[in-house]
Amino acid sequence: MNLAGKKIVLGLTGGIACYKAAELARGLVKAGASVQVVMTEASRHFITPVTMQALSGKPVYTDQWDSRISNNMAHIDLSRDADAILIAPCSADFMRKLVHGAADDLLSTLCLARPATVPLLVAPAMNVEMWENPATQRNAEQLRKDGVSLLGPVAGDQACGETGLGRMMEPEQLLEDLSAFFHPKLLAGKKVMITAGPTFEPIDPVRGITNLSSGKMGFAIARAARAAGAEVTLVSGPTALPRPSSVTLLPVTTAREMHDAVMSQIAAQDLFIAVAAVADWRVASVSGQKIKKQEGQIPSLQFEQNPDILAAVAALPSPPYCVGFAAESEDLLAHGAAKREKKHIPLLVGNIGHQTFGKDDNELVLFDEQGHHRLPRASKDALAQTLIKEIAQRIYRKPSA
Ligand code: CTP
């Protein structure tokens, strides 16, 4: 997450989710943003300006008539200076105020006064019935029409004891969506499918064969593609990673499940990026019961070939633009170039060294029809963004794309 140099006005309105705004302010500062907090009167019943000031590192504004702004035009100064305004949490009542162009407190006035170039993002947070009420739904629709970005809400347990849509998105997800907002939209309008993580091939109900893939690189690419404006479907084997924001996640376990999930939706895709470490083989006859240990008997397993998902996609009559990954333990340059040709794909990405599993950084080499070039060691997030740029350049170079 990189928000270096970005000036963000963080607006808080009344709602129990204000407690999450504290962590959000902290995350924004950590991501390099300069954060100006503006609080409504209602929000101050839930969290104090002292807390928000300590976390944002700046005095908080609460009042239209704040004498710290010499020209008494806080609403103008604060909105002109911002790269984005994020209202989190945004109450049902504040949504109403935005829809009607209200200007009866500092936060609503600065939203109304913001120039068209300053994006307004709101993270609704309220009780499920309030969110589902037709009045709120009308307001949400109107805000979208007015060009306001709605982040969430998400479903789950609510502070009031009820369950359903209305929870504010978690601070981590809001940060992801906000930073995505500032990325160039290189893949706008494109549909991208990504496979990630390991597969797990069962031996019996409690045992199986898998590999060390953590899914970090595939998930980073999914986030980068989404930040670049793509509609992303992520088909993932078992991982411990959080679901990336605004991405369709199809969880699978085995290679065959991954193959079927991919094939069921591949026709609609413009781009297919196969990052998963798919098991090449599965156990031929999976035991329905746990195999018991018997003195002096060591079981042996027979294997069957799993489908090669990437090769199957690349062999379709009109395939999406295909990108493969390769983890080799030796001679990457020779194996990488050969694998690209064998799989009939335009671009193959090699991991330099096979010790990348589970790490947060990586070093890659790209193989295409012109040869190969390296992407130096960087975080998986940074590499994912560079890779998306490289891919975007190539698909727009293709006359058919
Ligand atoms: N891949 C796939 N389905 C498989 C095996 C691999 O889609 N059954 C994809 C991987 O996601 C990766 C690429 O193919 O993008 C290369 O995977 P890799 O395991 O390096 O190559 P293999 O084709 O399995 O060859 P080998 O294991 O012999 O190196």
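Worth pointing out:
- Between Lys293 and Lys7, full extension at 0.36 nm per residue minus the direct alpha carbon distance yields a gain of 96.7 nm.
- Contact order relative to length of the chain, as percent, for alpha carbon pairs under 8 angstrom and 6 or more apart: 11 percent
- Residue pairs, from the table Lys190/Lys342; Lys339/Lys389; Lys293/Lys380; Lys6/Lys343; Lys97/Lys216, whose Cα atoms sit over 32 Å apart: Lys293/Lys380; Lys6/Lys343; Lys97/Lys216
- Residue-normalised accessible area of segment 1-152, expressed per residue, 1.4 Å probe, Å²: 45 Å²
- Evaluated at q = 0.13, 0.19 Å⁻¹: base-10 log I(q)/I(0), Debye formula over Cα of segment 7-181: -0.57, -1.30
- With R₀ set to 60 Å, the beta-carbon distance separating Glu162 from Ala311 gives a calculated FRET efficiency near 0.75.
- Distant-in-sequence amide contacts of Ser34, defined by a placed amide H-H separation under 5 Å and a gap of 5 or more residues or a different chain, comprise Gly5, Lys6, Lys7, Ile8.
- Listed peptides 365-377, 319-331 by packing density, highest first (mean Cβ within 10 Å): 319-331, 365-377
- For Ser214, the residues whose modelled amide H falls within less than 5 Å of its own, excluding neighbours fewer than 5 places apart on the same chain, are Gly358.
- Fraction of accessible area attributable to carbon and sulfur, segment 228-335 (%, probe 1.4 Å): 50 percent
- Phi angles of segment 251-266 translate, via the Karplus equation with coefficients 6.51, -1.76, 1.60 and θ = phi - 60°, into HN-Hα couplings of x, 9, 10, 9, 4, 5, 5, 5, 4, 5, 4, 5, 5, 5, 10, 6 Hz per residue; Gly and Pro are given as x.
- Near the amide H of Ile209, within less than 5 Å, lie the amide hydrogens of Glu201, Ile203, all on another chain or at least 5 residues away, with H placed in the peptide plane.
- Segment 250-343, accessible area per residue, ligands and nucleic acids excluded (1.4 Å, Å²): 60 Å²
- Only Lys, Arg (+1) and Asp, Glu (-1) charged, at Cβ; segment 232-348 dipole about Cα centre in debye: 320 debye
- In summary, the aspartates and glutamates within cross-link reach of Lys292, defined as a Cα separation below 15 angstrom excluding same-chain residues under 8 places away, comprise Asp204.
- Prolate/oblate/rounded call for segment 50-104, Cα gyration tensor, a/c under 1.5 rounded: oblate
- Using θ = phi - 60° in the Karplus curve 6.51 cos²θ - 1.76 cosθ + 1.60, the 3J(HN,Hα) couplings for segment 152-158 round to x, x, 10, 8, x, 5, 10 Hz; x is entered for Gly and Pro.
- Estimated 222 nm signal from helices in the chain, with DSSP H stretches of n ≥ 4 weighted -39500 (n - 2.57), rounded to 500: -9500 deg cm²/dmol
- Per-residue 3J(HN,Hα) values for segment 136-143, derived from phi via the Karplus relation 6.51 cos²θ - 1.76 cosθ + 1.60 with θ = phi - 60°, read 5, 4, 4, 5, 4, 4, 5, 4 Hz in sequence order (x marks Gly and Pro).
- Scattering profile of segment 218-322 at q = 0.19, 0.23 Å⁻¹ [log10 I(q)/I(0), Debye over alpha-carbon scatterers]: -0.99, -1.31
- Rg/Rh, computed from the Cα trace of the chain with Rh as the Kirkwood radius, has the value 1.05.
- Using alpha-carbon coordinates, inclination of helix 171-181 to the longest axis of the chain, degrees: 90 degrees
- Accessible solvent surface per residue of segment 175-238, calculated while the other protein chains remain in place, 1.4 angstrom probe, Å²: 32 Å²
The values are calculated or read from the model by the stated rules, or taken from the named source; none is laboratory data. From a predicted model like this one, the values you see are computed outputs, not experimental measurements. Cβ: placed from backbone, ideal geometry, glycine included. Neighbour counts: every protein chain shown. The area values use the complete protein model at the heavy-atom level, side chains included, leaving out ligands, DNA and RNA. Shrake-Rupley method; radii C 1.70, N 1.55, O 1.52, S 1.80 Å.
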